[in-house]
Amino acid sequence: MVSRAFITVGIGAAVAGSAYLAYKFLCQDEGETIGNDKEESRSKRILVLGLDNSGKSTIIHGLSAKKKGETFVSKPTEGFNIVCIEDSMNFWEVGGSPKYRTYWPKFLDNAHDLALLIYVIDSADSSRMSESSDALQMVLAHENMKNVPLLLCANKQDLQHSKPFDYIIKEFGLLNEDRKVTGVDTAVPRDSDKQVGIDDLKERINCFL
Ligand SMILES: Nc1nc2c(ncn2[C@@H]2O[C@H](COP(=O)(O)OP(=O)(O)OP(=O)(O)O)[C@@H](O)[C@H]2O)c(=O)[nH]1
Ligand SMILES: [Mg+2]
């Protein structure tokens, strides 16, 4: 059994094709194929988006089983990451910098079977709130996202002036969304012993699987 499998893929021209190959690759566990129909149906796809530096990779890492005291030093995602946790959560994180945001629509075009969209926000960076809101609206407007529930992750709660998720949901005009919208406040500073909200996040994710 895999408790955590991680793959990083650089984005080339054929995004969808390489994503599929990456998925197939990921589902090989020491010679044993776990990517058969039964396993694939057990593992639900969760798309993780948000601006660069919001904390997507760090949160996904925080959700996986870790050794106590382990420090995770994140670097910007150049392309996308696929992370399988506990065989049931299959996270797809696409880089959030302007360069990689241009590929988001390609992922959305192929997002037919999403269980959940997790949108991560650096809730302490007021200077990028409207940029983040605009990027989210573009995602939600995609036809494949119509019925996909949204879980807003108000990250970096350890920093001064951070805003809670309920404030951000209101600010982003998400109260009247025709979909399930929930949120969670998280903090995943480098010192992983000071994590906040990760257990809560895991619980909420499981509600959608
Ligand atoms: N203080 C604090 N720093 C955080 C938190 N979460 C992430 N960081 C830091 O923020 C920086 C960016 O984190 P990443 O997880 O790489 O961000 P990302 O959203 O994956 O960025 P891209 O892959 O470039 O889109 C790193 O230096 C993290 O250590 C948090 O809750 N609190
Ligand atoms: Mg990242």
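The values are calculated or read from the model by the stated rules, or taken from the named source; none is laboratory data. This one's a predicted model, so the numbers in the text were calculated from it and none came from an experiment. When we count neighbours, we look across all protein chains shown, and the Cβ atoms used for this are built from the backbone with ideal geometry, even at glycine.
What is the number of the single condition among (1) crowded, with 20+ Cβ neighbours inside 10 Å; (2) modelled with pLDDT under 95 that LYS156 does not meet?
(2)
Evaluate the stretch 122-134: report whether one residue or more is within 11 Å of ligand 1 (Cβ to nearest atom), among the basic types (Lys, Arg) and surrounded by fewer than 17 Cβ atoms within 10 Å (Cβ to Cβ).
No; the residues of the stretch 122-134 include none that is within 11 Å of ligand 1 (Cβ to nearest atom), among the basic types (Lys, Arg) and surrounded by fewer than 17 Cβ atoms within 10 Å (Cβ to Cβ).
Can you report the number of residues in the stretch 116-138 which are over 17 Å from GLU177 (Cβ atoms) and touching a residue at least 12 places away in the same chain (Cβ under 8 Å)?
Summing the residues that are over 17 Å from GLU177 (Cβ atoms) and touching a residue at least 12 places away in the same chain (Cβ under 8 Å) in the stretch 116-138 gives 9.
All but one of (1) within 17 Å of the chain's Cα centre (by Cα); (2) assigned to a loop (DSSP other than H, G, I, E, B) hold for LEU174; which doesn't?
Unmet condition: (1).
Go through the stretch 114-147 residue by residue and tally those that are touching a helix residue (DSSP H, G or I) at 6+ places or on another chain (Cβ under 6 Å) and assigned to a loop (DSSP other than H, G, I, E, B).
1
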